[in-house]
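A.B. asks: Dropping the structure in here first, questions after.
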Amino acid sequence: MSEHRPALEHIQAYADHLRLEEKSAATVEKYLRDVRAFARWLEGREITKERTAAWKTHLVERGYAPASVNAMLSALNSLLDFLGFGDCRVKFLKVQRRMFRDDSRDLTRSDYNALTAAAKAQNKTRLALLMEAICATGIRVSEVQYITVEAARAGRAEVALKGKIRTILIPSKLCRKLLKYAKQQKTASGEIFLTRNGTPLSRRQIWAEMKGLCKTAGVAASEVFPHNLRHLFAAAFYRASRDIVKLADVLGHSCIETTRIYLMTSGTEHQRQLERLGLVS
């Protein structure tokens, strides 16, 4: 590219590059969304160090959370490296590690029970079982495809994602429910969670179906995301085992720090801990 101007073909080539690097579909989608936002903001102007820094300032001024800004900058830096514009890379915001998580986005066990009960009451058997499968194993939404008839029979699923292969154990009670459902759907082999047309469920469809339960379940929509089921699994697993290293392996994390994020106490819990100190007379 003779000039520092990203064109549609460059972004398409970048997308192909991400896929060749075996990035997950969700990562590719997120990175492309972020670099396209940058390209729109750039309005055909040349990429310079000053403009990438101005993009960072723009994101901060728009009120994005620091973690969101850094995620968008990560996508931009990745694109710049691919295009050979490493001199235009931008530094991340310095963020102190959070000590507690946002309660408003927390999915509790009672919320989870209410959601599965609502799904069953509405005869949404597939959705109820899908939520149980994610929450009882800790798999990512993108890994649901590995919950197969063969995996349910074996009691374990071999998950291949992000260049790694890990074994997920499936509780025996869940295996029985999965096989019963597969039999009802006349699914003799392969993926269990399919649409009526026999195609795999998309992340967006799972998200929309879960959101559709909120009113009946009496659970705030801000708390209902497929990934929150994985967080609930992590919290329950850690309470039972107190082994963060094993939990990191189960979740497929290569960095313990990522697992720590899953185990942060809520703001309410942190407040209670402060109150128990008794340092105010």
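The values are calculated or read from the model by the stated rules, or taken from the named source; none is laboratory data. These numbers were taken from a predicted model, which means no experiment stands behind them. Here Cβ is always computed from backbone atoms with ideal geometry, including for glycine, and neighbour counts include all displayed protein chains.
A.B. asks: Ile139 versus (1) in a loop (DSSP other than H, G, I, E, B); (2) in contact with a Ser or Thr (Cβ under 8 Å, 6 or more places away or on another chain): which is the lone unmet condition?
C.D. replies: Checking Ile139 against (1) in a loop (DSSP other than H, G, I, E, B); (2) in contact with a Ser or Thr (Cβ under 8 Å, 6 or more places away or on another chain), the one that fails is (2).
A.B. asks: So in the range 228-267, with the set limited to residues that are of a type in the set (S, T, N, Q) and either surrounded by 16 or more Cβ atoms within 10 Å (Cβ to Cβ) or under 19 Å from Ile170 (Cα atoms) (or both), which one is modelled with the lowest pLDDT?
C.D. replies: Once the filter is applied, the top-ranked residue is Ser266.
A.B. asks: Assess whether Val245 counts as being in contact with a strand residue (DSSP E or B) (Cβ under 8 Å, 6 or more places away or on another chain), in the same structural domain as Ala114 (by TED's automatic domain parsing), part of a helix (DSSP H, G or I) and among the aliphatic types (A, V, I, L, M). Write out each step before concluding.
C.D. replies: Working: in contact with a strand residue (DSSP E or B) (Cβ under 8 Å, 6 or more places away or on another chain): no; in the same structural domain as Ala114 (by TED's automatic domain parsing): yes; part of a helix (DSSP H, G or I): yes; among the aliphatic types (A, V, I, L, M): yes.
No.
A.B. asks: On the given criteria, is Val149 without any contact (Cβ under 8 Å) to a residue 60 or more places away in the chain, assigned by TED's automatic domain parsing to the domain that holds Gly252, surrounded by 15 or more Cβ atoms within 10 Å (Cβ to Cβ) and not polar (S, T, N, Q)? Reasoning before the result, please.
C.D. replies: On the way: without any contact (Cβ under 8 Å) to a residue 60 or more places away in the chain: yes; assigned by TED's automatic domain parsing to the domain that holds Gly252: yes; surrounded by 15 or more Cβ atoms within 10 Å (Cβ to Cβ): yes; not polar (S, T, N, Q): yes.
Against the criterion (without any contact (Cβ under 8 Å) to a residue 60 or more places away in the chain, assigned by TED's automatic domain parsing to the domain that holds Gly252, surrounded by 15 or more Cβ atoms within 10 Å (Cβ to Cβ) and not polar (S, T, N, Q)), Val149 qualifies.
A.B. asks: A follow-up question, please. Of the numbered conditions (1) within 22 Å of Ala121 (Cβ to Cβ); (2) in contact with an Asp or Glu (Cβ under 9 Å, 6 or more places away or on another chain); (3) without any contact (Cβ under 8 Å) to a residue 60 or more places away in the chain; (4) not hydrophobic (A, V, I, L, M, F, W, C), Gln185 satisfies every one except a single condition; which is it?
C.D. replies: Every condition holds for Gln185 apart from (2).
A.B. asks: Can you report the number of residues in the range 215-225 which are assigned to a helix (DSSP H, G or I), surrounded by fewer than 20 Cβ atoms within 10 Å (Cβ to Cβ) and in contact (Cβ under 8 Å) with a residue 12 or more places away in the chain? Walk me through how you get there before you give the answer.
C.D. replies: Filtering the range 215-225 for residues assigned to a helix (DSSP H, G or I) gives 215-217, 221-223.
Checking which are surrounded by fewer than 20 Cβ atoms within 10 Å (Cβ to Cβ) leaves us with 215-216, 221-223.
Those left that are additionally in contact (Cβ under 8 Å) with a residue 12 or more places away in the chain: 216, 222-223.
Adding up the residues that qualify gives 3.
A.B. asks: Continuing with the same structure: Could you please give the count of residues in the range 142-163 that are at positive phi and assigned to a helix (DSSP H, G or I)?
C.D. replies: Number satisfying all stated conditions: 0.
A.B. asks: Tally the residues that are of a type in the set (Val, Ile, Thr) and closer than 18 Å to Asn228 by Cα, restricting the search to the range 119-156.
C.D. replies: So the answer is 5.
A.B. asks: Now a separate question. Could you please let me know if Asp87 is modelled with pLDDT under 95, loosely packed, with under 15 Cβ neighbours inside 10 Å and within 30 Å of Lys215 (Cα to Cα)?
C.D. replies: no
A.B. asks: Continuing with the same structure: If a residue must be at pLDDT below 95 and either assigned to a helix (DSSP H, G or I) or in contact with a helix residue (DSSP H, G or I) (Cβ under 6 Å, 6 or more places away or on another chain) (or both), how many such residues does the range 164-183 contain?
C.D. replies: Summing the residues that are at pLDDT below 95 and either assigned to a helix (DSSP H, G or I) or in contact with a helix residue (DSSP H, G or I) (Cβ under 6 Å, 6 or more places away or on another chain) (or both) in the range 164-183 gives 1.
A.B. asks: Could you list, in sequence order, the residues of the range 62-76 that are more than 16 Å from Lys94 (Cα to Cα) and either of a type in the set (Asp, Glu) or surrounded by 14 or more Cβ atoms within 10 Å (Cβ to Cβ) (or both)?
C.D. replies: Within the range 62-76, Ala75, Leu76 meet the criteria.
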